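**Student:** Right, I'll just put the structure down here and ask away after.
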């Protein structure tokens, strides 16, 4: 009897469980949806969504997979996939989260066959959110704990969260947009199995600004040769085991002793910068790769960290990973944010929108009408002269003028309002010559004269993200047809409005693009290799200290003399500018000049964690969501402030209700921090000196040229109007010995300098902004002007030091300092040579350094001093506006 009951019970359980298991097997989307690769989602950033499809039927079929975030369900990301009968397949879809208000995760929905009348499957998932930057990923062998601990120690040493995204071979993103959320990557995997698409995407990410740390003693060199190509010049000679050794570096060292030996790969590395050494062999190396960086360590990961204990009151001691000083030094390279675009997307979109407008009347029409008027007037005058009826010339001339005017008006009216469907595209392309790549940031502005709905297509990549504010909740679907081919279905094009979109892409260059210069008797001589670009307009060469107009000859050579240097804020040569040149100059100004912004009115308590400050009851729900998303930023508050926060156009309007004050702010996410800037006080015309200058750190040629054909189009056959400004780093070639050279001031940098035993090193000059600070005190300034290394050693024939300053009522003295290094590290010997002096110096001051006296030091530096005296009882301010030096000489044999 008991046996029969047991069998009956098992039968009932089987009847209930087996159908459930069968149903489980019949699920089309058993795993729902999750993130792949980086394993997190970030607002306004691309990532990869992963879903598994099971086809339980006996028929093969093509299915459409659609993923959407529940906060914005009307935006779907789709991919068509063919699945054989009775099989399963994993699908990877690029997705982008928007308008996230959650703190830790975001709900996601995935549907199969959403086009059919009945949806085959619908599942939900939860994706982890990542809000902090920079973010780190790691590709490692299983159970490689020391490498993971070293990476964690590096992050903790940089005061960053310990979170690391651990990647597997198959989850490494195979497309460039999948890497957008990652700033740095650590590779300790011996030989990851990466296919060509994954390797290409990783290389594109690195070239466009990523930071890679390779633990070389654990990684197969063949992987690095595939990834870096000709830039991987390292050769591993052998491996040794170390117990007691020192990691020695110029800035940081560590003496180590291990009971269990640490492995070291001894590497020969020509062309790499060695940061640390062990017994004369490189322990860490660094090399620039495009806009990114590659750091290679050759000593095992255990050598770079130690285990410490964090003590807190009333809590047990906590085990923490502590980086050694050499690892902290490397961390300053690896743990930086991914490089920012050269311009905010909004600025580029506004520039692109400026290309759309009513076309002005063509000059040919104007010429024909005015020419006809002149000819008819001359012929009629000749006829009236012969007929002796010149008294009729007055009304005849007036009549012809009226007819010509009416003709101009008529033709103008006929052209007015004829703005067709237009896609205006603006690109900023940073050329990476040695890696044959271009990193393209751009924006689209789409104008439609009538109400329409896309679809917007691309045939050559460029992950475009449109402005969703015009979509009004209508369904929008991004359909990926291939890695570089996509379609925005349902994209709303309102009548008479401009829809903006932004994109980022990397482009491989099949032809070499490069520029090189050399110093000569009249200044700079240069040559350009244009590659695929056919035109170069409004070219300008920027250095850290100046800008020069570049006029290209037919053979693509150019010369730059001292007279070609442009004034501050000028980025187009010539005396008159067209409307297009004015627009171009305005865009470059926004790229290189940052307005000085005053401190915020409201300040956040420094001891208050950021997430607690964002939870203050004074912040409305809507603004808190925007701030917490790290898309806009942080408003800085006092504890007693009662704040009303409203949107005002494109700015936040912040009102202190207790004080009745109102301000407009730019709220931005910058360098891992949330910042708010008061723009009320910087609105309107800027006073002189209100801009700080951020020129590139190396000589770079900027030119307006052909846009990269990314294949943006609409089925309605729109007008395509594209423009592109390229940034091309310039190689400075060594000058042959015996050559006479003139070095324009823009190629000679200077720094405040402090000499032992002498005043100097003034803080009045802010090099990061190329700006002098106003002062009311007396001061003694020592400056070191650096000659270009390609001209050394140089026999100086003349040097002119130019100072633009405003020092009323003060005595000013200029001097040359001949500095001889001290013996055995002692104080240097300084010989002072007076150059000039003045009283109440206002305006331009040119000082010629005597050729018989001036010389450069071993590293090419010329040291000068400037003394500014007291105001003689007055309380006046003084300030240096600008300073530069021009040098002529002959390169020594």
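The values are calculated or read from the model by the stated rules, or taken from the named source; none is laboratory data. Note that this is a predicted model, so its numbers are computed, not measured. Here Cβ is always computed from backbone atoms with ideal geometry, including for glycine, and neighbour counts include all displayed protein chains.
**Student:** Being under 25 Å from residue 180 (Cα atoms) and either at pLDDT below 80 or surrounded by fewer than 23 Cβ atoms within 10 Å (Cβ to Cβ) (or both) is the requirement here; does residue 434 meet it? Lay out the reasoning, then the answer.
**Tutor:** Details: under 25 Å from residue 180 (Cα atoms): yes; either at pLDDT below 80 or surrounded by fewer than 23 Cβ atoms within 10 Å (Cβ to Cβ) (or both): yes.
Yes; evaluated as a whole, the condition is true for this residue.
**Student:** Also: For residue 562, only one of the following conditions fails: (1) more than 28 Å from residue 736 (Cα to Cα); (2) surrounded by fewer than 21 Cβ atoms within 10 Å (Cβ to Cβ); (3) at pLDDT below 90. What is its number?
**Tutor:** (1)
**Student:** Which one of 806, 818 is more than 24 Å from residue 871 (Cα to Cα) and in contact with a strand residue (DSSP E or B) (Cβ under 6 Å, 6 or more places away or on another chain)?
**Tutor:** Values: 806 fails: more than 24 Å from residue 871 (Cα to Cα).
Exactly one residue qualifies, and that residue is 818.
**Student:** Regarding the range 109-124, can at least one residue be identified that is outside the structural domain of residue 174 (by TED's automatic domain parsing), under 24 Å from residue 174 (Cβ atoms), in contact with a helix residue (DSSP H, G or I) (Cβ under 8 Å, 6 or more places away or on another chain) and surrounded by fewer than 21 Cβ atoms within 10 Å (Cβ to Cβ)?
**Tutor:** Checked against the condition, which is being outside the structural domain of residue 174 (by TED's automatic domain parsing), under 24 Å from residue 174 (Cβ atoms), in contact with a helix residue (DSSP H, G or I) (Cβ under 8 Å, 6 or more places away or on another chain) and surrounded by fewer than 21 Cβ atoms within 10 Å (Cβ to Cβ), the range 109-124 yields no hits at all.
**Student:** All but one of (1) under 30 Å from residue 429 (Cβ atoms); (2) surrounded by fewer than 17 Cβ atoms within 10 Å (Cβ to Cβ); (3) in contact with a strand residue (DSSP E or B) (Cβ under 8 Å, 6 or more places away or on another chain) hold for residue 235, so report the exception by its number.
**Tutor:** Status for residue 235: all satisfied but (1).
**Student:** Let me ask something else about it. Does the range 220-232 contain any residue that is over 23 Å from residue 148 (Cβ atoms), part of a loop (DSSP other than H, G, I, E, B) and either outside the structural domain of residue 260 (by TED's automatic domain parsing) or without any contact (Cβ under 8 Å) to a residue 24 or more places away in the chain (or both)? Outline the logic, then answer.
**Tutor:** Quick first cut of the range 220-232, residues over 23 Å from residue 148 (Cβ atoms) only: 222, 225-226, 228-232.
Subsequent filtering for residues that are part of a loop (DSSP other than H, G, I, E, B) retains 232.
Those left that are additionally either outside the structural domain of residue 260 (by TED's automatic domain parsing) or without any contact (Cβ under 8 Å) to a residue 24 or more places away in the chain (or both): 232.
Yes: one or more hits.
**Student:** Which number in (1) at pLDDT below 85; (2) surrounded by 18 or more Cβ atoms within 10 Å (Cβ to Cβ); (3) assigned to a strand (DSSP E or B) marks the one condition that residue 695 misses?
**Tutor:** It fails just one condition, (3).
Results for (1) at pLDDT 95 or above; (2) crowded, with 18+ Cβ neighbours inside 10 Å; (3) within 30 Å of residue 447 (Cα to Cα); (4) not assigned by TED's automatic domain parsing to the domain that holds residue 45, shown as yes or no for each residue.
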{"site": "251", "(1), (2), (3), (4)": "no, no, no, yes"}
{"site": "256", "(1), (2), (3), (4)": "no, yes, no, yes"}
{"site": "259", "(1), (2), (3), (4)": "no, no, no, yes"}
{"site": "295", "(1), (2), (3), (4)": "yes, yes, no, yes"}
{"site": "317", "(1), (2), (3), (4)": "no, no, no, yes"}
{"site": "323", "(1), (2), (3), (4)": "no, yes, no, yes"}
{"site": "326", "(1), (2), (3), (4)": "no, yes, no, yes"}
{"site": "345", "(1), (2), (3), (4)": "no, yes, yes, yes"}
{"site": "349", "(1), (2), (3), (4)": "no, yes, yes, yes"}
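**Student:** Could you list all residues from the range 141-174 that are farther than 16 Å from residue 198 by Cβ and assigned to a loop (DSSP other than H, G, I, E, B)?
**Tutor:** Matches in the range 141-174: 141, 142, 143, 144, 158, 159, 160, 161, 162, 163, 164.
**Student:** Can you name the residue in the range 859-893 that is within 36 Å of the chain's Cα centre (by Cα) and surrounded by fewer than 18 Cβ atoms within 10 Å (Cβ to Cβ) and is also farthest from residue 811 (Cα to Cα) among such residues?
**Tutor:** In this case the residue turns out to be 859.
**Student:** Checking residue 786 against (1) modelled with pLDDT under 95; (2) surrounded by 15 or more Cβ atoms within 10 Å (Cβ to Cβ), which single condition isn't satisfied?
**Tutor:** Among (1) modelled with pLDDT under 95; (2) surrounded by 15 or more Cβ atoms within 10 Å (Cβ to Cβ), the lone unmet condition for residue 786 is (1).
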